[in-house]
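The structure appears right after this line, and notes come after that.
Just so it is clear, none of the values below were taken in a lab; they were calculated from the coordinates. Model, not experiment: these values are computed from the prediction. Here the Cβ is made from the backbone with ideal geometry for all residues, glycine too, and neighbour counts use every protein chain on show.
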Amino acid sequence: MIAGRPFRIGIVGAASLAGKELSDALTESALAASDVVLLDSEEAAGRVTAAGDEISFIQKLEADSFAGLDFVFFAGNPETTRKHWMAARQAGASIIDMTYALETVTGVVVRGPWAGQRSAEGKAQERDLTKQAVVAAHPAALMLRLLVGRMHAQFPVRAIAATVFEPASEHGHAAMDELHQQTVSLLSFQTLPREQYDAQVAFNLLPALGEAARVSLTEVKGRIEGHYRTLSAGAGPGLTLQLIQAPVFHGYTASVMVELEGTATVEQLELAAYGEHVDLVGAESDPPSNLSAAGQSEILVRIGAGAEGDGPYSRLWLWLAADNLKLAALNAIACATEMARIRPQGTVQ
């Protein structure tokens with residue numbers, strides 16, 4: 001609350017996959033009492049959308065759209081963020097960038113409160129948040145750092161190597177549509193659309209895409225690595241990462257090898273990883289998957305031995321699954337909640 005009234009929140013890119021997920025997640029969050037304004041391009045303006053039990057209209061994004069807003073989430077495309085974020089800032093709003101457009105802007109910090117980043121970085125980072133704009137950390141970097149950070153605190157980790165499988169929904173409606181059309185085209189022996197990927201993604205696994213692809217795995221890989229380093233703040237091992245484009249529409253999965261300085265049993269590492277935002281899945285249950293993670297707010301984790309025998313082990317395997325859009329939305333809301341706590345009087349400077 002700000003001075004006895006609800007926050008006023010704007011979502012730019014409300015018609016996007018990330019914007020819709022954020023709008024839904026806000027209704028079940030600590031910011032649920034806020035007044036939410038849905039904003040997007042002229043093409044999306046006027047659409048009816050539902051957030052929880054509420055029906056809302058998407059409004060056209062205009063020069064004066066940010067007046068009176070306390071927080072603005074940019075959830076559409078990077079170009080829109082770059083064009084409008086300063087106007088939102090000048091209007092007095094705090095900014096949470098979910099498009100990564102501002103990650104190289106001086107004074108804008110990458111945040112992932114779930115990963116314990118605030119305690120690791122201390123007061124200096126809190127002062128940075130008063131600069132009004134943060135980038136919400138990439139969901140893959142967040143899930144890896146959250147788990148490795150917890151394990152490292154009890155069983156020092158020497159090295160971590162992860163293979164992360166990228167879903168189409170990370171790149172919006174156009175990538176989702178192209179994967180769908182490729183699937184249909186292959187089954188009907190038609191020419192494949194390649195505008196987004198410049199490669200066959202359907203029924204395929206790829207570590208790189210075509211030269212003309214609009215989706216850049218190299219860029220995403222660099223972002224995950226960079227955000228992981230920022231969230232780690234020098235604590236624990238660096239990340240060795242392989243990013244694979246997977247023929248799935250939704251949900252991150254990751255195969256992770258953890259090498260410890262010493263040894264631990266599977267049970268000990270499970271206890272270390274256990275906590276808020278994590279759902280441990282034992283061998284007696286179906287393994288985590290992008291399907292079982294859909295709609296879940298937790299990161300699904302299975303831990304297995306890295307060698308035969310009863311252990312303890314110096315190397316262990318993790319299999320992770322998370323709803324990429326849900327995780328991104330919840331992290332963005334956590335960023336806003338953190339910023340609100342740092343401004344206890346509710347004054348957006």
Worksheet, complete the sentence: Scalar couplings 3J(HN,Hα) for the stretch 73-81 by Karplus 6.51 cos²θ - 1.76 cosθ + 1.60 (θ = phi - 60°), nearest whole Hz, x for Gly and Pro, are 9, 9, 10, x, 10, x, 4, 5, 4
Worksheet item: Comparing LEU271, LEU187, LEU142, which has the greatest mean-square fluctuation in the GNM of the chain with Cα pairs linked when under 10 Å apart?
Response: LEU187
Worksheet item: Based on the mean of other beta carbon atoms within 10 Å per residue, what is the order of 7-20, 63-76, 163-176, 289-302, most packed first?
Response: 7-20, 63-76, 163-176, 289-302
Worksheet entry | Under the Karplus curve 6.51 cos²θ - 1.76 cosθ + 1.60, θ = phi - 60°, whole-Hz ³J(HN,Hα) for the stretch 89-97, x wherever Gly or Pro sits | 5, 5, 7, x, 8, 7, 10, 10, 9
Worksheet, complete the sentence: Any residue on another chain or 5+ positions along whose placed amide H is under 5 Å from the amide H of VAL109 is listed here as VAL135
Fill in: Magnitude of the charge dipole, the chain, Cβ model with Lys/Arg +1 and Asp/Glu -1, debye to 20
1060 debye
Worksheet entry | Global size of the chain as Cα Rg and Dmax, reported in angstrom | 20.6, 65
Worksheet item: Just how many pairs of Lys in the chain have C-alpha atoms closer than 29 Å, counting pairs that are eight or more places apart or on different chains?
Response: 16
